[in-house]
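**Student:** Below are the structure tokens for one structure; questions will follow.
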Amino acid sequence: MRDFLIGALDKLIGVVVVIMGIVVVVGALSMMAGGGGMAGMPGGGGVIGGLVFLIVGLIYVTFVGGFMYLGLGIYHNTKRMAEAMDRRP
């Protein structure tokens with residue numbers, strides 16, 4: 001059961017990272033197209049704002065995804081170490 005939950009969490013993290021990436025790209029394209037301005041407020045970012053949003057957003061997605069996968073990696077490493085210690089004579 002534990003392996004199923006960890007495997008499901010691994011897949012869920014992958015899906016979340018992909019969705020976050022899609023949201024960043026769509027948001028950047030929206031900013032580049034001139035959307036995102038408040039009613040009565042000028043501007044919405046333009047091309048430069050969209051590119052900055054895209055770059056910073058993708059860096060953010062990379063860090064967040066990396067930290068989530070780091071947590072899973074620590075779990076797997078601890079599990080392997082415990083199994084190795086159990087096999088010791």
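The values are calculated or read from the model by the stated rules, or taken from the named source; none is laboratory data. Predicted model only: the values in this text are computed from it and were never measured. Glycine gets a Cβ as well: all are built from the backbone with ideal geometry, and neighbour counts include every protein chain shown.
**Student:** Within the range 67-83, take every residue that is modelled with pLDDT under 85 and among the small types (Gly, Ala, Ser) and give me the one that is surrounded by the fewest Cβ atoms within 10 Å (Cβ to Cβ).
**Tutor:** Filtering first and then ranking leaves 82.
**Student:** Here is a follow-up. Output the residues belonging to the range 7-66 that are modelled with pLDDT of 90 or more, surrounded by 14 or more Cβ atoms within 10 Å (Cβ to Cβ), within 30 Å of residue 79 (Cα to Cα) and among the hydrophobic types (A, V, I, L, M, F, W, C).
**Tutor:** 13, 16, 17, 20, 61, 64
**Student:** Being small (Gly, Ala, Ser) and under 17 Å from residue 67 (Cα atoms) is the filter here, so list the residues in the range 9-34 that pass it.
**Tutor:** Result: 14, 21.
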